[in-house]
1. Counting only residues that are in contact (Cβ under 8 Å) with a residue 60 or more places away in the chain and surrounded by 15 or more Cβ atoms within 10 Å (Cβ to Cβ), how many does segment 24-51 have?
2. Taking the residues in segment 202-234 that are of a type in the set (A, V, I, L, M) and farther than 18 Å from S149 by Cβ as candidates, determine which candidate is surrounded by the fewest Cβ atoms within 10 Å (Cβ to Cβ).
3. Which of the residues that make up segment 54-93 are in contact with a strand residue (DSSP E or B) (Cβ under 9 Å, 6 or more places away or on another chain), in a loop (DSSP other than H, G, I, E, B), hydrophobic (A, V, I, L, M, F, W, C) and over 21 Å from L167 (Cβ atoms)?
4. Taking the condition of being over 23 Å from N41 (Cβ atoms), among the polar types (S, T, N, Q) and crowded, with 16+ Cβ neighbours inside 10 Å, how many residues in segment 136-179 meet it?
5. Restricting to segment 204-231, name every residue that is of a type in the set (G, A, S) and either farther than 17 Å from F61 by Cα or out of contact with any Phe, Trp or Tyr (no Cβ under 8 Å at 6 or more places or on another chain) (or both).
6. Looking at (1) in contact with a Phe, Trp or Tyr (Cβ under 7 Å, 6 or more places away or on another chain); (2) in a loop (DSSP other than H, G, I, E, B), which is the only condition M165 fails?
7. Can you name the residue in segment 1-15 that is under 22 Å from the mean Cα position of the chain (by Cα) and surrounded by 11 or more Cβ atoms within 10 Å (Cβ to Cβ) and is also farthest from W57 (Cα to Cα) among such residues?
Amino acid sequence: MLILRDLDEKEEREIRETHELQKEMHLFLTPVCYLNLEVKNQEGKIISKYKDRSKSWVRNFYNWQAVQQMACPTNSLGITYGEGSLTIANQLGSPRYDSQYLFAHKTSSLAGFQNGIIVGTGDDAESFESYDLSAEIEDGTGAGQLQRSIMSQPIPTYDGVTKEMTLELTRNFINNSGGSIEVKEVGLWALFLYFSVNSYSDILVSRDLLSPTVTVDNSYKLTVTYMIQITYPA
């Protein structure tokens, strides 16, 4: 099995130390998100693994957090997407907003994550202003495509010893395209609710550029997991 990337133990230790300091200062402990990729062959044997901390939340994510914490509408500071505004950008980069404050909301299928995890072949540099992958891999069996599984309802788990609340989001991608595919980027989508008109949009909240890239040979399966973790002070 090939280990493409693994967690930086020094960085993990610094995160734990930061959490302890935040507890002492009575600050909200910083949530942490991890990104795992695993490639298996036809027999289910693990071929390669990639594990890292997700480090690239984009502006949509911060605006999501702001409107939830402040309980204010996304159009409070105007309807232009960008610095100083609470609006969000859809997959085309168009500003989306509403007079109500809700951003991510539960649906009958996924709580806050509708399209959930997507992967791509683009290698554009990570950017705080990203609102889409640079080259999303389409769902299908044609050349350059991966078949996406339907994501199941995520259920949080709680560890009473570490005081950690964890949510895992997982999606499988099967390569039946006839050739190898290089996965270079991974994105996570949340669901924006237009509360006043009861409609929804998928909004990119994170885009991670992979280094090194992850190769998925024909007939192989790629499993991508985002693990979001919140540590409680007590």
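1. The total comes to 13.
2. Residue satisfying both the conditions and the ranking: A234.
3. Passing the criteria: only I79.
4. Count: 1.
5. Kept after step one, since they are of a type in the set (G, A, S), are these residues of segment 204-231: 206, 211, 219.
Correct list: S211, S219.
6. Answer for M165: the failing condition is (2).
7. By that ranking, first place goes to L4.
Yes/no matrix, rows are residues, columns are (1) under 21 Å from N63 (Cβ atoms); (2) among the polar types (S, T, N, Q); (3) modelled with pLDDT under 95:
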site: I137; (1), (2), (3): no, no, no
site: L146; (1), (2), (3): no, no, no
site: M151; (1), (2), (3): no, no, yes
site: F173; (1), (2), (3): no, no, no
site: G178; (1), (2), (3): no, no, no
site: K184; (1), (2), (3): no, no, no
site: A190; (1), (2), (3): yes, no, yes
site: L193; (1), (2), (3): yes, no, yes
site: S196; (1), (2), (3): yes, yes, yes
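The values are calculated or read from the model by the stated rules, or taken from the named source; none is laboratory data. This is a predicted model, so every value here is computed, not measured. Reconstructed Cβ throughout: ideal geometry from the backbone, glycine too, with neighbour counts over all protein chains shown.
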